[in-house]
């Protein structure tokens, strides 16, 4: 309490200081520049860590890049990994934009997979229905089940003000148990915890299906789910940023009291948005079992629904940005299998995440290093 | 030489703005020195420099004759200079004592709250600051919270107390309380800097007045007895302010708004409006005078559909809007300037464009089918930006970056451009500076000319008197007088329940 602030008594003061002032406007190119620099800095920091543990950062990066994007084959695998992430990332972005914290994309993903499976295994479409009819029915089933899993927290939030973070999170576990019930009991194939393999008509077409016409496509696993995912992300972007409904969502998200004042029905939008979010995540589940696994089983997701939360934030809640971010994450997941120890890509993933979130400050403020006045 | 604080040649720049240019300021021991000026004149900037928050580009500060350099507010507090900001810095879920002790070196480990509670009560008593030390902040009124802020400074041994617009959040009785406290603090030997843009208050409380305009001093340390309100206003604004607005005679038209025995509860679920009857006609401004918290906020909210009524009927142009969704009244042409600009009137992170289309986005040209025509929205925003002189780099600037006056212009632009048939104007000039107030009042009169029915809810009696065609007084949720003369004493008495139910002159 007795410190006298005369500069003479302070032994040393750093001659430069940070000046931080709020920005009035942040242009688009700045957002892009800041993000790119943040990713580059993250890679530099990762390189330092790699060097410290005795690795060669250049070779490690080259290897990661090679393992994820190096050839048509691995890039195709990267896209397969990115597909469910685009769905869950978009699902989270849509809900988060209205400040509805849907932590349940994982559960909605599982429900979507269950919904799509019911279409096949409960005989909703006959086994010799055409591929188009079968897949269309699976899309509807997946989206409906996912949306139902969003409707429950939505109606609870809108009518009874139940916190959606808790309900969406808890519904995850219910959906896991529900899927387990079906794969352990109802549809168990010969005692294994999985259903039978779906008929061919229920498989999403793959690039390798075209190998006869285009030999270059041989062995490429990318399936039509990727196109569906990109389409969904584009539609979600259009809804959020170009439609009247999206304007309402953004207004409610930013200031619910102002939205009420503007005559917007918040309760109805709460239910609808959580249903939309759940439906998109549900489509992700459908795409994963119809495009990759071709049956329902327990391990259909290593946490895509939770990674979707991170992806939505990194994409600044913009569904269009969800696509490249998901591809980057897909690549890192893939590279994780290649690199030993596999913690390294995850470490880099963490540093990138950290840097991107921290870089936000440069968009909100002018930060300058200035000479400290005497 | 009894100058406690001297600031010499202070210059502080922000990007593109000079907030203070070569400003001198002196504070004597044991005085209340008012710092008067419009919003953006640089009053708060100058004082945040003194409180150690900003570092000036040029100039020196002397405290008790010694030059000082502050690196943080803590340095300033160590020398006995503390500032209470307009927005309080209290933690709602903690008690008064806990808030005061926050950030101090004592107590070290054990809280021993009851020991400190006693200490707080003692200091409070000494300065006539009534606060209960062991209640939580959220349980206190704004006035009481302000007392906690003062107590916080006193506990830190502050000799110079800077108060930034302390009355802007207070009800009239609370202002009286505050003035009493300030006087008793001066008697105890403290010195006070009182930042304000309200002439009346400054004339009442200040020993000396320094006026700032556009970052420069236009009058230093003048004696309130030797000046007048008109002269001070001139020093503040730099031109003669017309306190008399041009208002034409006009016969009111048909009834636009009708309330029949409307009752409603407040946020604490206590009755706030008790059977209010009220009519507002086209081309008429009805001013509602009342001390804050007597039901006038709720009155505005029930009409605009933001609050449910517990009884009665509300008709707009003969159509029922009682307990309907806010959209019903919007569609009937009800415009609303809300009391709370930042929490109700605007969405802070959305752009000016997104904020001005809030009530028009459902109609063409902004709505095109289910899509939003961004081009049309921006075009409309551009037009309103220049028409209402909203100062901002572009229409894509987020609302949070706008100053109070500009934010109010965004709201006015949105609400008035819809050519409303009924306008609910709640505290339309609160916190605005003299020049801006005049502009807003002019706009309200223009709406009256165009035949809008206007319900004006304001705590500024002067504003009600200048603008209203009819004045009603609200007290404890009831209209206690309808059609009273613009006489400050008479209205003031009615507002405080002085002559209740004496003359209910109802204009039919």
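The values are calculated or read from the model by the stated rules, or taken from the named source; none is laboratory data. Everything numeric here is computed off the predicted structure, so don't read it as measured data. Here Cβ is always computed from backbone atoms with ideal geometry, including for glycine, and neighbour counts include all displayed protein chains.
A few comments on the model shown:
- Test: residue in the stretch B:260-281 that is under 28 Å from residue B:440 (Cα atoms), away from chain A (no Cβ under 14 Å) and outside any strand (DSSP E or B): no
- Boolean, residue A:80 is closer than 19 Å to residue A:354 by Cβ and away from every other protein chain (no Cβ under 14 Å): no
- For the stretch B:68-82, residues that are in contact with a strand residue (DSSP E or B) (Cβ under 8 Å, 6 or more places away or on another chain), assigned to a helix (DSSP H, G or I) and at pLDDT 90 or above total 1.
- Residue identified as within 24 Å of residue A:96 (Cα to Cα), surrounded by fewer than 15 Cβ atoms within 10 Å (Cβ to Cβ) and in contact (Cβ under 8 Å) with a residue 24 or more places away in the chain among A:368, A:364: A:364
- In the set (1) outside any loop (DSSP other than H, G, I, E, B); (2) within 13 Å of chain A (Cβ to nearest Cβ); (3) in contact with a strand residue (DSSP E or B) (Cβ under 7 Å, 6 or more places away or on another chain), the condition left unmet by residue B:35 is number (2).
- Taking the criterion of being more than 17 Å from residue B:29 (Cα to Cα) and not in a helix (DSSP H, G or I), the residues of the stretch B:183-201 that qualify are B:195, B:196, B:197, B:198.
- Matching residues in the stretch B:138-152 - criterion: being in a helix (DSSP H, G or I) and either touching a helix residue (DSSP H, G or I) at 6+ places or on another chain (Cβ under 8 Å) or free of Cβ contacts under 8 Å to residues at least 40 places away in the same chain (or both): B:139, B:142, B:143, B:144, B:145, B:146, B:147, B:148, B:150, B:151, B:152
- Residue within the stretch B:294-301 that is in contact (Cβ under 8 Å) with a residue 40 or more places away in the chain and within 14 Å of chain A (Cβ to nearest Cβ) present: yes
- Helices (runs of 4 or more DSSP H) (entirely within the stretch A:243-308) containing at least 2 residues that are touching a helix residue (DSSP H, G or I) at 6+ places or on another chain (Cβ under 9 Å), within 11 Å of chain B (Cβ to nearest Cβ) and farther than 24 Å from residue A:171 by Cβ: A:244-254, A:256-261
- Any chance residue B:337 is more than 8 Å from chain A (Cβ to nearest Cβ), crowded, with 22+ Cβ neighbours inside 10 Å, closer than 29 Å to residue B:379 by Cβ and within 28 Å of the chain's Cα centre (by Cα): yes
So that you can scan it fast, the table gives a plain yes or no per residue for (1) at the interface with chain A (Cβ under 7 Å from one of its Cβ atoms); (2) surrounded by fewer than 20 Cβ atoms within 10 Å (Cβ to Cβ); (3) within 29 Å of the chain's Cα centre (by Cα); (4) touching a residue at least 40 places away in the same chain (Cβ under 8 Å):
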| position | (1), (2), (3), (4) |
| --- | --- |
| B:333 | no, yes, yes, yes |
| B:345 | yes, no, yes, yes |
| B:350 | yes, no, yes, yes |
| B:356 | no, no, yes, yes |
| B:360 | no, yes, yes, yes |
| B:373 | no, yes, no, no |
| B:379 | no, yes, no, no |
| B:387 | no, yes, yes, no |
| B:398 | no, no, yes, yes |
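- Among the residues of the stretch B:411-439, the ones that are out of contact with any strand residue (DSSP E or B) (no Cβ under 8 Å at 6 or more places or on another chain), closer than 16 Å to residue B:285 by Cα and buried (at least 20 other Cβ atoms within 10 Å of the Cβ) come to 1 in all.
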